[in-house]
Amino acid sequence: MSTSPSEPNQNGQGCCCKKPEQKPRRSFNNTTYFATLALVALVWWGAYSHTIPFSQWVTYSLFGLAKGTHAADALEFFLYDTAKILLLLVAMVYAIAWVRISLSVEKVRDFLTGKKRIIGYLMGSGFGAVTPFCSCSSIPLFMGFTAARIPLGITMAFLITSPLINEVAIVILWGLLGWKFTVVYVTVGMFAGIVGGFFMDRLKAERWLQPFLLQNANMPLQQPVTEGAPAPTFTVAQRHAFAFAETRDIFRRVWMWVIIGVAVGAALHGYVPQEWITGTLGKGQWWSVPLAVSIGIPLYTNVTGIIPVMESLLMKGLPLGTTLALCMSTIAVSLPEVLMLKQVMRWQLLALFVVMMLVIFTLVGWFFNAMNFTLL
């Protein structure tokens with residue numbers, strides 16, 4: 001008579017096919033969670049408030065570099081900005097994701113579709129500003145919006161603004177470059193999205209989408225079966241799980257670009273003479289702005305990684321308009337994004353998108369250089 005899977009065999013051992021017992025999951029305790037969160041926040045604030053002393057200690061005490069040298073200036077800048085940006089990144093992404101779990105993309109689509117066009121541009125650009133996507137990761141939502149029959153102009157306003165602005169970038173910009181520059185940057189980013197969306201609609205550019213998107217866009221919208229049902233509620237445990245996963249995912253995708261961006265900024269800050277910057281692009285010549293935009297296209301980074309480069313360029317005397325043109329073209333138009341967009345756009349729409357971005361950023365650069373804005 002054979003033994004059952006749960007009974008021991010003749011050797012007194014359980015059958016090899018018996019499934020191991022699973023340990024019960026530990027219950028999530030809200031009190032413990034908030035107490036731990038408060039402790040982590042305290043440790044975070046201690047680390048954040050000591051970024052300057054830490055960078056100076058490593059530079060001048062640990063490595064023994066002399067103050068005022070190129071190497072010392074570059075290293076101190078690199079350590080300070082890297083620590084500050086990464087700490088802000090973790091804290092802000094977690095906090096925003098903790099709240100954002102309740103955001104319904106479907107409701108946002110329905111809301112945008114029903115608005116007047118000019119309000120739709122503003123809402124599309126505003127939604128892009130509060131979503132933490134880079135230029136490439138914005139494309140799936142672009143496809144979803146198009147399939148939902150949201151006008152292409154509104155969708156383009158989102159696609160243009162989303163990589164340029166997010167909450168983390170605003171916080172970091174405010175901390176590094178002050179509120180004036182932050183306001184200017186956010187205004188220019190949203191302006192680019194609104195103007196770009198307007199021109200896309202005026203040119204009826206939706207005819208240059210790939211056929212599969214046009215087919216989906218022409219299909220009637222299907223009403224979800226749960227329409228009218230109350231919005232789902234989320235427990236503290238679910239919010240924490242979502243926020244932790246979001247933070248981990250974004251951090252994994254962004255940390256390298258932060259370090260690369262800070263390293264470029266540190267090199268500019270420590271080693272590039274101010275005379276070279278002002279002599280090449282810093283005198284505000286008319287050609288310096290389109291040249292800066294052209295230089296930015298082959299590069300690829302996100303807004304978080306480009307902020308240290310902005311700071312260094314401005315501190316080296318590069319005009320505000322030229323700095324904005326260079327950095328925005330690097331963020332909003334890149335070779336990886338173009339390759340991905342080719343899957344959803346025909347070459348006519350892709351070329352129109354790239355040229356439109358270059359024209360907008362060049363005009364923005366010329367405007368701010370002509371007005372002689374100085375924010376630092």
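The values are calculated or read from the model by the stated rules, or taken from the named source; none is laboratory data. These numbers come from a predicted model, not from an experiment. Note: ideal-geometry Cβ built from the backbone for every residue, glycine included; neighbour counts use all protein chains shown.
Among the residues making up segment 108-149, a single one is modelled with pLDDT of 70 or more, surrounded by 21 or more Cβ atoms within 10 Å (Cβ to Cβ) and farther than 20 Å from L164 by Cα: T146. Could you say whether any residue in segment 36-52 is closer than 19 Å to Y271 by Cα and touching a Phe, Trp or Tyr at 6+ places or on another chain (Cβ under 8 Å)? Looking for residues that are closer than 19 Å to Y271 by Cα and touching a Phe, Trp or Tyr at 6+ places or on another chain (Cβ under 8 Å), one finds none in segment 36-52, hence no.
Out of the residues in segment 54-71 meeting the condition of being hydrophobic (A, V, I, L, M, F, W, C) and under 16 Å from V262 (Cβ atoms), tell me which one is surrounded by the most Cβ atoms within 10 Å (Cβ to Cβ). If we take residues in segment 54-71 being hydrophobic (A, V, I, L, M, F, W, C) and under 16 Å from V262 (Cβ atoms), then V58 is surrounded by the most Cβ atoms within 10 Å (Cβ to Cβ). The residue that is nearest to V364 (Cα to Cα), counting only those in segment 164-191 that are part of a helix (DSSP H, G or I) and in contact with a Gly (Cβ under 8 Å, 6 or more places away or on another chain), is M190. L152 - would you say it is in contact with a helix residue (DSSP H, G or I) (Cβ under 6 Å, 6 or more places away or on another chain), modelled with pLDDT of 80 or more and over 16 Å from M328 (Cβ atoms)? Yes. The number of residues in segment 54-75 being at pLDDT 90 or above, of a type outside the set (A, V, I, L, M) and within 25 Å of M310 (Cα to Cα) comes to 4. Take F198 and tell me if it is modelled with pLDDT under 85 and either assigned to a helix (DSSP H, G or I) or closer than 17 Å to F145 by Cβ (or both). The answer is no for F198.
Comparison of T36, T82, T51 shows that the only residue that is at pLDDT 90 or above and closer than 21 Å to V258 by Cβ is T51.
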